[in-house]
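Colleague: Before we start, here is the structure in question, set down as structure tokens.
The values are calculated or read from the model by the stated rules, or taken from the named source; none is laboratory data. Quick caveat, the model's predicted, so the values are computed rather than measured. Using ideal geometry, Cβ is built from the backbone for each residue, glycine included, and neighbour counts are taken over all protein chains shown.
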Amino acid sequence: MAGIRIEGNTSGNVVEVNSAHELLVALSANEDTAGFAVVTAEVDAGTVTGNRLIRDMEVSADYRLRVALDTPFFDAYFMGSAVDTTVWSQATGTDTITVASGFLSLNAGLSTASGSYAVVRSYRNFPTYNTATLYFEMVGQLTQLPVANNVTEWGLSYAVSTTAPTDGCIFRLNAAGEFRCVNIANSVELQSNTLNFATLVGANTTKHFIVGLSDDQCEYWIDDVLVAVVNRGLAGYAVTASDQLPIMLRTYNTGVTAVAQVLKVGMVGVTLSDIVSQKLWSHVMVGQGGTITQGQSASALGTTALYTNSLALSAGAAAANSSAALGSGLGGQFSLQPTLAAPNDGIISSYQVPAGTVAVPGRMFYLTYLKISGVVSVVLAGGPVVLFWSLAYGHTAVGLGTTDGAGTKAPRRVPLGIQTWAATAALWTQADRDIVIPFDPPIPVQPGEFIQTVAKNVGTVTTSGVITFTITANGYCE
């Protein structure tokens, strides 16, 4: 008989193996005699680092397994043909920055000149909290293998033009053509060993990069494979000097290069792990630029309100129910000649939520607050003026007469309140009240739909005069 026979001394039971030559073992079901099995989790198989990364699970004093929920801070895609200047700052020297075909491209003009640079940085900075990991992720590619005299960096960092970063955690292609992961604390750098860029990344190949920053170390991942861990210095006070860091993307040349390096970015995001912040979802959305008071990425940027700098009082216009005669904007400044015959509705402010396309993100708008104030800006002749206010939303065409159909929607209406002015009201006479309404739950307006404030004059039609309104709208989009 081949092999070693293992048999119980008194029971005579024999240990057996299966067809795969694996020893058959069963754990005891008796708690008094059972041994212990320790549960751990494999974080990374060690494909690149050579060391398998295993971490213990944590259990509280009440025998509860510790489970963390993440808090999303930021995400951005690059749709359309322009950089979203409400979110990103840009700086260039000879290099150019473009948005096209879903990519933000740094050095799109293919400059090889010495000293040329392109830098994109988020206006927002992101906090680090103790041992909770702050994750930066980027989906992107580089058009060349490492190029001598070119430096390309991406991650969380403070850096401008061609000067060395002062703080942060970044992936870096350095001027010597080496690919490294770098921690910077108050201009003091700690670097990983040189990584094989051709194998891990390659040219013109989209990869998913992750930088995971915590109090003790920074982990660097490519396509869910851990490629480097850079620890806090032995005598260091933290991995980075700052506990608030922006997203930083840049490429620059320290000398003339043989070919042009281009950094192409398709998506970036920042997430705080292990902490349930209990932050309202609306706060999360506006924190990454999703406030309805400004245009969204790839759509018309800037303010959504009709309130340009130094906007003068106008002669006003008569309101209509089929067009935005007083102007378009999600709130703002609107001047009305209150001559519409009772009881006809007239559109005062009007705004269409941008429809979603391949180039423009179709974001849902949530109106959470509305305020309407009014003042006589040209003396009224006749009156009194009594305005019944309402909100019209959800319709697919500007006119209030739009009907529900196969491809159309009629406006949904919400009464808002009443404002009055006495007959022949004098200049600068304010309404008897402001209309102030917080919406909870918010009013939802979908991509391509209109949202309008509407006034109905049930008083005496004036023969002349103007009332100017300021309309404040607030909320968030996702």
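Colleague: Is it the case that Gly140 is buried (at least 21 other Cβ atoms within 10 Å of the Cβ), assigned by TED's automatic domain parsing to the domain that holds Ala76 and over 21 Å from Gly266 (Cβ atoms)?
Modeller: Criteria not met by Gly140.
Colleague: Does Thr291 count as polar (S, T, N, Q), out of contact with any strand residue (DSSP E or B) (no Cβ under 7 Å at 6 or more places or on another chain), closer than 27 Å to Tyr123 by Cβ and not assigned by TED's automatic domain parsing to the domain that holds Ala132?
Modeller: It is false that Thr291 is polar (S, T, N, Q), out of contact with any strand residue (DSSP E or B) (no Cβ under 7 Å at 6 or more places or on another chain), closer than 27 Å to Tyr123 by Cβ and not assigned by TED's automatic domain parsing to the domain that holds Ala132.
Colleague: With respect to the numbered conditions (1) surrounded by 15 or more Cβ atoms within 10 Å (Cβ to Cβ); (2) at pLDDT below 95, which one is the sole condition not fulfilled by Ile435?
Modeller: (2)
Colleague: Where residues in the stretch 150-179 are in a strand (DSSP E or B) and among the charged types (D, E, K, R), which of them is nearest to Ala228 (Cα to Cα)?
Modeller: Checked the stretch 150-179; the qualifying residue nearest to Ala228 (Cα to Cα) is Arg172.
Colleague: For the stretch 144-171, give me each residue that is under 13 Å from Thr254 (Cβ atoms) and among the charged types (D, E, K, R).
Modeller: Glu153, the sole residue that qualifies.
Colleague: Taking the stretch 423-432, which residues are surrounded by 14 or more Cβ atoms within 10 Å (Cβ to Cβ) and touching a Ser or Thr at 6+ places or on another chain (Cβ under 8 Å)?
Modeller: Scanning the stretch 423-432 gives Gln430, Ala431.
Colleague: Filter the stretch 17-56 down to the residues that are surrounded by 10 or more Cβ atoms within 10 Å (Cβ to Cβ) and either over 30 Å from Asn196 (Cβ atoms) or of a type in the set (Asp, Glu) (or both) and list them by number.
Modeller: Val17, Ala34, Glu42, Asp44 - these are the residues of the stretch 17-56 that are surrounded by 10 or more Cβ atoms within 10 Å (Cβ to Cβ) and either over 30 Å from Asn196 (Cβ atoms) or of a type in the set (Asp, Glu) (or both).
Colleague: Working only within the stretch 180-193, note down all residues that are assigned to a strand (DSSP E or B) and in contact with a Cys (Cβ under 8 Å, 6 or more places away or on another chain).
Modeller: Those that are assigned to a strand (DSSP E or B) and in contact with a Cys (Cβ under 8 Å, 6 or more places away or on another chain): Cys181, Val182, Asn183, Ile184, Gln191.
Colleague: Residues that are within 14 Å of Asn183 (Cβ to Cβ), at least 1 per element: which strands (runs of 3 or more DSSP E) completely within the stretch 194-289 meet that?
Modeller: Fully inside the stretch 194-289 and qualifying: 207-213, 217-222, 225-231, 244-253.
Colleague: While we're here: What are the residues in the stretch 52-108 that are among the acidic types (Asp, Glu), assigned to a strand (DSSP E or B) and more than 24 Å from the chain's Cα centre (by Cα), if any?
Modeller: Hit for the stretch 52-108 is Asp56, nothing else.
Colleague: Here's a follow-up. Can you tell me which residue in the stretch 256-292 is surrounded by the most Cβ atoms within 10 Å (Cβ to Cβ), limited to those that are farther than 30 Å from Tyr129 by Cα and polar (S, T, N, Q)?
Modeller: Looking at residues that are farther than 30 Å from Tyr129 by Cα and polar (S, T, N, Q), I get Gln261.
Colleague: For Thr453, state whether it is polar (S, T, N, Q), surrounded by fewer than 16 Cβ atoms within 10 Å (Cβ to Cβ), under 36 Å from the mean Cα position of the chain (by Cα) and under 30 Å from Gly290 (Cα atoms).
Modeller: no
Colleague: Against the conditions (1) farther than 24 Å from Ile437 by Cβ; (2) surrounded by 18 or more Cβ atoms within 10 Å (Cβ to Cβ); (3) β-branched (Val, Ile, Thr), where does Val353 fall short? Just the number, please.
Modeller: The single condition Val353 does not satisfy is (1).
Colleague: Looking at Thr339, Thr368, can you tell me which residue is over 26 Å from Thr293 (Cα atoms) and among the polar types (S, T, N, Q)?
Modeller: Exactly one residue qualifies, and that residue is Thr339.
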